[in-house]
Each structure stands twice: as structure tokens, then as C-alpha cells.
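**Student:** Handing you a structure now.
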Amino acid sequence: MAAAEENTARLPPEDEKLSIGANLAYGLQHVLTMYGGIVAVPLIIGQASGLTPADVGLLVTASLFAGGLATILQTIGIPFFGSRLPLVQGVSFSGVATMIAITGHGGIQAVLGAVIAASFIGLLITPVFSRVTRFFPPIVTGIVITTIGLTLMPVAAGWAMGGNRNAPDFGSQANVLLAAATLMIVLLLSKLGSAAISRLSILIAIIIGTGIAYAAGIADFSRVMNGPFVALPQIFHFGYPVFDVAAIVSMCIVIMVTLVETSADILAVGEIVGTKVDARRLGDGLRADMLSSILAPVVGSFTQSAFAQNVGLVAVTGIKSRFVVATGGLFLVALGLLPIVGRIVAAVPSSVLGGAGLVLFGTVAASGIRTLAKVDYENNMNLIIVATSIGFGMIPIASPGFYEHFPAWIITIFHSGISSAALMAIMLNLLFNHLTTGNSDQQSVFVAGTERLIRYQDIAGLHDGDYFLNGKLYDANGTEVPLVPAEAH
């Protein structure tokens, strides 16, 4: 018995096995948190491609199905594939602009072909990315985690206002008040003495918030029964992929960004869970990401990536088990096979998700700040690294059109605040903390401002052996030396 208890104590946090009920409840909470994000990309691409509503629905279903399988692969893993960490996978936002551009020239088939080819190239180069963990110290991971939380805030705000910017009630008092009510429910449930209720506060708040919305006439479940109950994924429903060289090159840039973002998410969740992410684990996670992206177009989906908002959910709930997230992956697969269930989840008002998202995304930023608190800021340039990287990452958030006059490949890389901050943090960390040749021995104002300073004239009157004790100055013989008040100068 003692040996069994010792083995349990040594079990990594991500390997904790909860009850079936807990897995189902927490797994569903993960699905509800990211559902809006995973269906947004196929909706956007489908509309840009001029697909019929029925085909757009198939794109959505395919994305749910592919995201579920990718999540299971990432969490449960097979040899050489899967980080075995609590990471939810889904369609990546990084390539939306590029895929829309590709549809204008080659249609949806060219998009699918570019995703397959570029993801295969990404799979080949993952060994390079898996060996860069030493370039992701706490200062880099802290910057990335903080930026992830901050860049997701506009998403939460958009949800709280209603989600659809073209809707007449977008930003209405009813939507904002519903989001505020959901937020208050999350806070009140978190304050209760029950650990189980506190951990499920997000899910319970979403359910209660949806009930309030339904009573107020905001939630619409009238379309739940429209359409088939069961629908199997259709292989190459949109035609066989077309491999266009220009489209593949453009998508390769997206894959580079996706690898950076997924690396950051894997390292971030490792930091939150308390598990060291070495080169092998990072490589396995990136390979799972790329393999999922290669296979997703077969059923009509796109590049797969870790979802940052679910990293926040791991932080806010404290539930670190990868089996919980794997259960969420099973839910996604079920949603991909059972469109009626997806329609029920889709009926949850965006404003309800916005209220919960404010807590979730804020928790991500707070986790990053906590990591940055561990960084040494004395006699180095770490403060300017943090300041510049976070500021750089906020540019596309504060001014979304900042790069609109630049080439498409620059827009692809830097339109994401997460990738912008990550790239800047990595480069500046290399410049100041690794490539020390040429560093000035004269401290800059940024270094000087990070530590205690005493002016020479303040100590010019001291003698050898003088010491301070309890706020008083004494000489070497123990005789008190009177201090002249500042106003007497």
C-alpha cells in the first residue's frame, strides 16, 4: 500500500486520472471554451470560397472532427507523435488571411493542397524546432504567455458584445449585461467553499448564463432540429487537392508561424502544469501538430494548432490531467459525427462565452506575469527585452491595420500578436543574453532602473568601519554618528 501511494505521489500532474464524471464535465468545459474559435475559420474560409451553406456546414463538421482526432493524438500520443500534455488542438487562425488569398486564385482545392504540402515540409523540419528549448528561458515563455492572454482580450470583448459584428444588436446593453452576469456567476462560484464547484465554475456559469439568455429571448435554439442527426466525414468532398507552388510557399510561412505558436503553447502549458518540456517532448508535440495538419484536408479541414484559450482554462481550473483534454477531443469527434449536438453547442450565445472568456484569458496573462516575476532583472537587459517584446506583440492588437501596406508574407508573420512577441523575445534574448560579444560595459538606463542605486556623494563622508544598525549610523568604535536631515543641506 505504501509503495502504491509513493508511485501515485510521483505521478506527473498531466498523468492524473480522474473519475469518468469528472473527465466528462471538465472535457465538455474545454469544448465549450474553444468551440467558437474552432468553427470560425471554416465559416470564414467557406464564405470566402463561395461555398453553399450546406458545404460550409460540412467544413465546420470536418473541422470539429479533425480537431478532435488531433487533440487525442496530442494528449494520448503514439511513438514520436504527441506531447502528452493537456493541449486542445483545432483549426489555426494563423493562416486565415493566406487561405483567403489562395481561394481567390485556385479555390478551396488549392487551399487543401497547400496545407498538405506545407505541413509535410513542417513535419520534416520539426527536429530543428525541437532543439531550441534552451532559447525559451522564463523571460521568453513569460513574454509569450502574457501576450497570449492580452491578445485574446479582443476576442473576449467581441464575444461579450454579441460575436457577430454585422448583427444589429452587436454591442447592445443586453449582450454586455449578459456577459457581465456570466462573469459575476464565475466569480461567485469560484468563491464557494466547494473545490468541485469552483473548478467547474466556467462550465456552470456558461450553462446558467445560457439559461438566463433563453429566458430573456436572446438564445435561439430553433435551428437545432434542422439538418441531419448523424453525418460521417466525407473524403475529399470538395475535390482532390491542387498543389500550386505559389500557394505552397505562402502556406509554408503560415506553417512557420504555427510551429512558433505551438512551441510557445506547449512550453506555456508545461510551465502551468509544472512539467519540464525537453527537446524530445517538444518535438513529439510539433510532429503531432504537423501530422494532424497533413491529414485534416482529407476530410475537408485546415492546419491544426494548439488553442491558447484552453491553456488558460488549465490555469484557471487547476485541472492538469491530459485525459480530461482527451475526453474533450472525444466530444469534438462526436460533434463532428453528430451535427445536432454541434448545433446545440452553437446555440450558446457569444455574450455568455465573452463573460467567461474574460476570466480565462486574463488568467493566461496573469500566469505569464507570474513567470516574468522569476526573471532576474539586475545588471542585464532583461527589462528592455520584456518591454520591447510585449509592446511589439501589442501592435497588431492596438492597430490591426498596421501592416496592411507591407508584403503578404510580413502580414502573415506579424498579424498575430503572439507570433510577433515570440519572435521578438527570441531574437532579443539571443542578442543580449547569448551573443554577448559587443555588449557595452556601460549600463543603460534600462539596467540602471532595475536595481538600487547610491550616489557617490552619499557615501563620500563615510569612513572605514562605519556601519548602519536599526536606522542609525555608527563608526568603527560603536559611537553613533549624527545624521543631518535632508532639508538642512
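**Student:** Taking the stated definitions as given, is I202 surrounded by fewer than 17 Cβ atoms within 10 Å (Cβ to Cβ), closer than 17 Å to L32 by Cα and either within 26 Å of the chain's Cα centre (by Cα) or of a type in the set (V, I, T) (or both)?
**Tutor:** Numbers: surrounded by fewer than 17 Cβ atoms within 10 Å (Cβ to Cβ): no; closer than 17 Å to L32 by Cα: yes; either within 26 Å of the chain's Cα centre (by Cα) or of a type in the set (V, I, T) (or both): yes.
No; evaluated as a whole, the condition is false for this residue.
**Student:** Among (1) open to solvent by 40 Å² or more (accessible area, probe 1.4 Å); (2) under 30 Å from A101 (Cα atoms); (3) of a type in the set (D, E); (4) under 16 Å from the mean Cα position of the chain (by Cα), which single condition is D244 missing?
**Tutor:** Result: D244 fails condition (4) only.
**Student:** Let me ask something else about it. Suppose we filter segment 136-166 for residues that are touching a Phe, Trp or Tyr at 6+ places or on another chain (Cβ under 7 Å), in a helix (DSSP H, G or I) and either open to solvent by less than 40 Å² (accessible area, probe 1.4 Å) or without any contact (Cβ under 8 Å) to a residue 12 or more places away in the chain (or both); how many remain?
**Tutor:** 3
**Student:** May I pose another question? Which residues, taken from segment 305-326, are over 13 Å from the mean Cα position of the chain (by Cα) and either on the phi < 0 side of the Ramachandran plot or surrounded by 24 or more Cβ atoms within 10 Å (Cβ to Cβ) (or both)? Show your work before the answer.
**Tutor:** Residues of segment 305-326 that are over 13 Å from the mean Cα position of the chain (by Cα), as a first pass: 316-326.
Within segment 305-326, V316, T317, I319, K320, S321, R322, F323, V324, V325, A326 meet the criteria.
**Student:** Still on this structure, please answer the following. For segment 249-284, enumerate the residues that are of a type in the set (D, E), open to solvent by less than 30 Å² (accessible area, probe 1.4 Å) and modelled with pLDDT of 80 or more.
**Tutor:** Result: D265, D284.
One line per residue, one yes/no per condition, for (1) at pLDDT below 90; (2) open to solvent by 50 Å² or more (accessible area, probe 1.4 Å); (3) of a type in the set (S, T, Y):
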| residue | (1), (2), (3) |
| --- | --- |
| S367 | yes, no, yes |
| R370 | yes, yes, no |
| N379 | yes, yes, no |
| A387 | no, yes, no |
| Y403 | yes, no, yes |
| S419 | yes, no, yes |
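**Student:** In addition: How many residues are outside any helix (DSSP H, G or I) and of a type in the set (A, V, I, L, M, F, W, C) if we restrict to segment 283-325?
**Tutor:** Initial filter on segment 283-325 (outside any helix (DSSP H, G or I)): 300-307, 318-321.
Narrowing further to those that are of a type in the set (A, V, I, L, M, F, W, C): 302, 306-307, 319.
Residues meeting the conditions: 4.
**Student:** Same structure, new question: In segment 256-282, what count of residues is obtained for those that are touching a residue at least 24 places away in the same chain (Cβ under 8 Å) and not in a helix (DSSP H, G or I)?
**Tutor:** Here the count works out to 4.
**Student:** I'd like the full set of residues that are open to solvent by 30 Å² or more (accessible area, probe 1.4 Å) and over 15 Å from M427 (Cα atoms), limited to segment 389-401.
**Tutor:** Residues satisfying the conditions are M394, I395, I397, A398, S399, P400, G401.
**Student:** Against the definition (open to solvent by less than 20 Å² (accessible area, probe 1.4 Å), under 12 Å from V115 (Cα atoms) and over 20 Å from the mean Cα position of the chain (by Cα)), how does A219 come out, yes or no?
**Tutor:** No, not satisfied.
**Student:** Could you list, in sequence order, all residues of segment 84-118 that are open to solvent by 10 Å² or more (accessible area, probe 1.4 Å), among the hydrophobic types (A, V, I, L, M, F, W, C) and at pLDDT 90 or above?
**Tutor:** I116, A117
**Student:** So, of the residues in segment 36-83 that are polar (S, T, N, Q) and in a helix (DSSP H, G or I), which turns out to be most open to solvent (accessible area, probe 1.4 Å)?
**Tutor:** Q47
**Student:** Any residue at all in segment 228-236 that's open to solvent by less than 30 Å² (accessible area, probe 1.4 Å) and within 23 Å of T151 (Cβ to Cβ)?
**Tutor:** Looking through segment 228-236, none of the residues is open to solvent by less than 30 Å² (accessible area, probe 1.4 Å) and within 23 Å of T151 (Cβ to Cβ).
**Student:** Can you tell me how many residues within segment 366-417 are in a helix (DSSP H, G or I) and under 28 Å from A246 (Cβ atoms)? Steps first, answer last, please.
**Tutor:** Looking only at segment 366-417, we keep the residues that are in a helix (DSSP H, G or I), and these are 366-372, 382-398, 408-414, 417.
Those left that are additionally under 28 Å from A246 (Cβ atoms): 395-396, 408-414, 417.
Summing the residues that are in a helix (DSSP H, G or I) and under 28 Å from A246 (Cβ atoms) in segment 366-417 gives 10.
**Student:** Name every residue in segment 346-365 that is over 25 Å from V269 (Cβ atoms) and either of a type in the set (F, W, Y) or open to solvent by 50 Å² or more (accessible area, probe 1.4 Å) (or both), in order of residue number.
**Tutor:** The one that is over 25 Å from V269 (Cβ atoms) and either of a type in the set (F, W, Y) or open to solvent by 50 Å² or more (accessible area, probe 1.4 Å) (or both): A346.
**Student:** To continue, here is another question. Can you confirm whether G193 is modelled with pLDDT under 85, on the phi > 0 side of the Ramachandran plot and in a loop (DSSP other than H, G, I, E, B)?
**Tutor:** no
The values are calculated or read from the model by the stated rules, or taken from the named source; none is laboratory data. Only a predicted model underlies this, so the values are computations on that prediction, with no experimental measurement involved. Glycine gets a Cβ as well: all are built from the backbone with ideal geometry, and neighbour counts include every protein chain shown. Heavy atoms of the whole protein, side chains included, go into the accessibility calculation; ligands, DNA and RNA do not. Shrake-Rupley method; radii C 1.70, N 1.55, O 1.52, S 1.80 Å.
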